[in-house]
Amino acid sequence: MKFGVVVFPGSNCDKDAEYAITTLGYSCEMLWHKDTDLKDVDCIILPGGFSYGDYLRAGAISPFAPIMEKVVEFAQKGGLVIGICNGFQILTEVGLLPGVLNKNVSLKFHCDIAPIEVVNTSLPFTCSLEEGEVLDIPIAHGEGNYYIDSEGLKELKANNQIVFSYHGVNPNGSVENIAGIVNKEGNVLGMMPHPERAVENFLGSVDGIKIFNSITKWWGDNNA
Amino acid sequence: MPEKYEMVGLIASEYEKIVSDLGREPSELELAMYGVLWSEHCSYKHSKKLLRNFPTQGERVVQGPGENAGILDGGDGLGIVFKIESHNHPSAVEPYQGAATGVGGIVRDIFSMGARPIALLNSLRFGHLDKPRNRFLMSGVVSGIAGYGNCLGIPDIGGEVYFDDCYDENPLVNAMCLGLIDINKIKKGLAQGKGNIVMLVGATTGRDGILGASFASANLDEDSEEKRPSVQVGDPFMEKLLLEACMELVDHPHIVGVQDLGAAGITSSACEMAARAQSGLELHLDRVHLRERGMNALEIMLSESQERMLYVVKPDGVNDVKAIFDKWGLKATEIGKVTDSKRIEIYHNGDLYASIPSLSIVDGVPLRDPQRKKPAYLEELELQTWENKKENNKENNKENNYEEIIKKMISHENIASRKWIYSQYDYMVQNNTVLRPGSSVGAVRVKGSKKAIGTTVDCNPVYPYLNPYQGGQMVVLESYRNLISAGFTPIGITNCLNYPNPEYPENYYVLEQSIKGIADACKALNTPVTGGNVSLYNQGINTKIHPTPVIGMVGIVDNHEKTITTPFKGEGHGLYVIGK
Amino acid sequence: MKFNVEVTVEFKKGILDPQSQAIAGAIVSLGYESVKEISMSKRFNLVIVGDSQGEVEKTVEELCKKLLANTVIENYQYAVENSEGK
Amino acid sequence: MKFNVEVTVEFKKGILDPQSQAIAGAIVSLGYESVKEISMSKRFNLVIVGDSQGEVEKTVEELCKKLLANTVIENYQYAVENSEGK
Ligand SMILES: Nc1ncnc2c1ncn2[C@@H]1O[C@H](COP(=O)(O)OP(=O)(O)O)[C@@H](O)[C@H]1O
């Protein structure tokens, strides 16, 4: 299976995503924001960072990059897309995911390793995880405070779209401790924590591997 | 009416030297250029002689002081590029932008050498936090460092902060950056080869920060408010693009020299690049890409607009350079060429505004040798006997409720947890962080190997204050102990000498003594000095800072799994004190 | 013709704006009891050329929706003024 | 009496404004060639009680200096209006 990582001007976790993917033995293509060729990848990652400086609102300008038109098309056809941190912000701005990511209630950037609980295990991203399992995944963001109105929240819950929630401490004030959600169809995931940073013991956690392995397992099961 | 040389911060004898070097009176632009390059900040005129005490050689030294940053040999072709710099005065006036642009400047120093930045550290000093202004300064500085470094994606893996009344008017903000390079691909700040093209790349040039270097070379006084326009605003997004574009050019065979634009903008970079190569430069200012209309030659030459670099490129490489900067959405403009005149010649709209011998403006400043005088407080301290010291201690130690004492200690601002600070920094980006903030050193793994680089910034300013010479040694020793206890072999240092006004004999005495202490410790430990920064004039109206020589030490270990972290590992383990 | 456009983007009522809240908190802690309400918004000033007020308004409307505001949480308002008409 | 206060805070002339630059870049890449200039500023709306316009203006002036504007790099302007007078 082949992953693709989009490089926006200002992305800064693009290389980390590539490193994690290749270290785990999967192949990875870098996708330049000005290009419109998705290079036949099977799963697209919108990486963390500060695309376009995060000016105006985090992720607000990236939807207009040429590659994004293709990414949206790909997602609408059921392709797997993951937005991590800034990528999550971009996915909400481009309308692939509901809600928005506001400034942290502390108004400060916050970096730590956060325990997150797996809420939905029926997805490609979580199929080899256990419900209620707690993963240690690094977080590093200033605008991770997920907001959605009460109608929207009801719908998220009804459709089982909440994938991860912060366990114990809520680091940013997000509604219902939400750390990650999927679209209704279940093929587009947005999450603030960085699974690509939890792939080697010395980094403090290897729980990110479980997420990547879920995806490739699901892919293998469905495309064998 | 002050003399015109006083207006640019120079003294009569310096002016005479300029007239003699030029063989005539300088033009307005020439005098302004001399003013900034002969300021303490750029010329080191008070400290250069003292810095000669430092050991700068060793089997691992690839690049010693004098370039944008120092380089140590990390083995297997790995170059460790590192440097520390102060941004004290700008941070006192505008803490967020002051600290942010401090980070931006030190990071450019690293990648202008061709190295990819892999870690940041910072060393901070403020007055006590019971004063609202000090809280304002600290929170602004910390968010400025975070705002800039996080956006660049360089992990901030350590630092230190210390609070004392002596920093009330003059906080200290020192930022250190490390980068990695293939030892065969080092870029230097050289303007070599007649006919080669000088290109200005990155951000546009505006009126910000004009005269920043002379701002750094004077005491902070009431007028500092008025000097506010000299604060620059940083754009970390622009710097990130600049960084990636420069990284793509590392292998390009037509790049001759690179230097970032820092204090004194085009003036210092152009002059230094020419002086290092013993060449000349011809620059045409009307080609500089401006942010504001109507800027005159002087404003363009002295602008400290951030996120800019100067490239010297062989004519055949110009189009490639433009193409790569264009790919990243940046401008690269040809603004002049290298000559063999050994002069810096500045044209604006066809008229010659300045023609200065490059060696004169870069190295010609008459070095100062100020008076030294041992401060009276040191004499008094030496007279104190062991006995009366013990008496004093008794006075202080009346309280013997240990629980209370311990609570008091761990809640003291100089001992309490620093998590409030470092949780605002992204310390994990790049997937290399072996030892995070909260450990006694920060460390990053070198990808493609098991190697790790450990690094620490330290300075307990009480020691050099109480005994400048031994205190200087102790600061180096503290860094050394931190590294070896985490499992690293220390291999070299950079340093940031933060001191009060050197024109007072007492201050100069302390500066000289502590430099000697640092130098002797470095010799004994075989940790040569590869560079650093000197920030003098750190005093206000009522206070002056304690001598604060911040040491940034670097060590290596062959296997990052062998590093040792500080927390207790389990119940029942023995505790030992080692040493005397 | 040239038009001056002023766009204001603010949080929708009922949506918590952490930044406005922090400022309100700071005002209280500074002791300004006379300040009863505070809210923060973004203002954009644009210069747009066009043949008619209507054409420019259409552009502004699009810009607001696509870029300047996130309509999930923000409202926008604008005023378009012919700068040459005066 | 109640007063409505509107404060605008913007970058001083000549200070780099990266945010407005980035937005301008996005507008260009969206293909809106008719947009010639864009700048962004902050607006605060406050409700302040006081005995006189002068008293409220004094409060606002202080608030701007201490909190709302960073006078090193930003300018501020304000308008105070008696909301009950209407
Ligand atoms: N300004 C700072 N930036 C980043 N990390 C910091 C800063 N200040 C302190 N730290 C981190 O907090 C920890 C404790 O700091 P400090 O009390 O100064 O300890 P030490 O005794 O090791 O110097 C260290 O790991 C240090 O790296």
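Which one of B:183, B:110 is away from the ligand (no atom under 13 Å from the Cβ), at pLDDT below 95 and either more than 14 Å from chain A (Cβ to nearest Cβ) or surrounded by fewer than 24 Cβ atoms within 10 Å (Cβ to Cβ) (or both)?
So the residue among B:183, B:110 that is away from the ligand (no atom under 13 Å from the Cβ), at pLDDT below 95 and either more than 14 Å from chain A (Cβ to nearest Cβ) or surrounded by fewer than 24 Cβ atoms within 10 Å (Cβ to Cβ) (or both) is B:183.
State which residue is surrounded by the fewest Cβ atoms within 10 Å (Cβ to Cβ) when the search covers only segment B:88-99 and only residues that are away from the ligand (no atom under 14 Å from the Cβ) and within 14 Å of chain D (Cβ to nearest Cβ).
So the residue we want is B:93.
Scan segment C:20-48 residue by residue and report those that are loosely packed, with under 15 Cβ neighbours inside 10 Å and in contact with a strand residue (DSSP E or B) (Cβ under 7 Å, 6 or more places away or on another chain).
Residues satisfying the conditions are C:36, C:37.
If you go through segment D:70-82 one residue at a time, do you hit one that is free of Cβ contacts under 8 Å to residues at least 60 places away in the same chain and in contact with a Ser or Thr (Cβ under 6 Å, 6 or more places away or on another chain)?
No, that holds for no residue.
Across segment B:154-166, which residue is nearest to residue B:434 (Cα to Cα) among those that are buried (at least 24 other Cβ atoms within 10 Å of the Cβ) and within 10 Å of the ligand (Cβ to nearest atom)?
Among residues in segment B:154-166 that are buried (at least 24 other Cβ atoms within 10 Å of the Cβ) and within 10 Å of the ligand (Cβ to nearest atom), the one nearest to residue B:434 (Cα to Cα) is B:157.
Being at pLDDT 95 or above and either buried (at least 24 other Cβ atoms within 10 Å of the Cβ) or closer than 21 Å to residue B:85 by Cβ (or both): is that true of residue B:477 here?
No; evaluated as a whole, the condition is false for this residue.
If I filter segment B:435-456 down to residues being more than 8 Å from the ligand (Cβ to nearest atom) and assigned to a strand (DSSP E or B), which single residue comes out as nearest to the other protein chains (Cβ to nearest Cβ)?
Only one residue tops the list, namely B:445.
Hey, does segment A:170-191 have a residue that's at negative phi and of a type in the set (Asp, Glu)?
yes
Restricting to segment C:51-80, name every residue that is closer than 26 Å to residue A:59 by Cα, more than 13 Å from the chain's Cα centre (by Cα) and not in a loop (DSSP other than H, G, I, E, B).
C:57, C:58, C:59, C:62, C:66
Could you please find all residues in segment B:120-153 being more than 11 Å from chain A (Cβ to nearest Cβ), of a type outside the set (A, V, I, L, M) and either within 13 Å of the ligand (Cβ to nearest atom) or closer than 13 Å to residue B:172 by Cβ (or both)?
Matches in segment B:120-153: B:122, B:123, B:125, B:126, B:127, B:134, B:144.
For segment C:8-46, name all the residues that are of a type in the set (Ser, Thr, Tyr) and facing another protein chain (nearest Cβ under 7 Å).
Residues satisfying the conditions are C:8, C:32, C:34, C:39, C:41.
Pick out the one residue from B:487, B:492 that is in contact (Cβ under 8 Å) with a residue 60 or more places away in the chain, closer than 26 Å to residue B:87 by Cβ and either out of contact with any helix residue (DSSP H, G or I) (no Cβ under 8 Å at 6 or more places or on another chain) or within 16 Å of the ligand (Cβ to nearest atom) (or both).
Going through B:487, B:492 in turn, the sole match is B:492.
Among the residues of segment B:408-423, which ones are under 24 Å from the mean Cα position of the chain (by Cα) and more than 8 Å from the ligand (Cβ to nearest atom)?
Passing the criteria: only B:423.
Being assigned to a loop (DSSP other than H, G, I, E, B) and surrounded by 19 or more Cβ atoms within 10 Å (Cβ to Cβ), is that true of even one residue in segment C:7-19?
So far as segment C:7-19 goes, yes, one or more of its residues are assigned to a loop (DSSP other than H, G, I, E, B) and surrounded by 19 or more Cβ atoms within 10 Å (Cβ to Cβ).
Do we have residue A:134 as within 16 Å of the chain's Cα centre (by Cα), modelled with pLDDT of 95 or more and aliphatic (A, V, I, L, M) here?
Answer is no for this residue.
I need every pair where a residue in segment A:133-156 that is β-branched (Val, Ile, Thr) has its Cβ under 8 Å from the Cβ of a residue that is assigned to a helix (DSSP H, G or I), sequence separation at least 6 or different chains.
A:137/A:195; A:137/A:197; A:137/A:208; A:148/A:156; A:148/A:175
For the subset of segment B:167-177 comprising residues that are buried (at least 20 other Cβ atoms within 10 Å of the Cβ) and more than 14 Å from the ligand (Cβ to nearest atom), which member is farthest from residue B:455 (Cα to Cα)?
B:169
Under 7 Å between Cβ atoms, at least 6 apart or on separate chains: pull out the pairs that start in segment B:403-425 with a residue that is modelled with pLDDT under 95 and end on any residue that is among the acidic types (Asp, Glu) and more than 8 Å from the ligand (Cβ to nearest atom).
B:405/B:399
Modelled with pLDDT of 95 or more, in contact with a Pro (Cβ under 7 Å, 6 or more places away or on another chain) and crowded, with 23+ Cβ neighbours inside 10 Å: does that describe residue A:113?
No: the conditions fail for residue A:113.
Looking only at residues in segment A:1-36 that are in contact with a strand residue (DSSP E or B) (Cβ under 9 Å, 6 or more places away or on another chain) and without any contact (Cβ under 8 Å) to a residue 12 or more places away in the chain, which one is farthest from the other protein chains (Cβ to nearest Cβ)?
A:22
Would you point out the residue of segment B:135-162, among those that are under 19 Å from residue B:413 (Cβ atoms) and part of a strand (DSSP E or B), that is farthest from the chain's Cα centre (by Cα)?
This residue is B:162.
Look at segment B:290-312 and say how many of its residues are assigned to a loop (DSSP other than H, G, I, E, B) and over 21 Å from residue B:189 (Cβ atoms).
Count: 6.
Could you tell me which numbered condition residue C:53 fails, if it satisfies all but one of (1) under 24 Å from residue A:145 (Cα atoms); (2) more than 10 Å from chain D (Cβ to nearest Cβ)?
Every condition holds for residue C:53 apart from (1).
Given the structure, is residue C:79 more than 9 Å from chain D (Cβ to nearest Cβ) and exposed (fewer than 14 other Cβ atoms within 10 Å of the Cβ)?
yes
The values are calculated or read from the model by the stated rules, or taken from the named source; none is laboratory data. In this text the structure is predicted, and so the values were computed from the model without any measurement. Backbone-built Cβ (ideal geometry, glycine too); neighbour counts: all protein chains shown.
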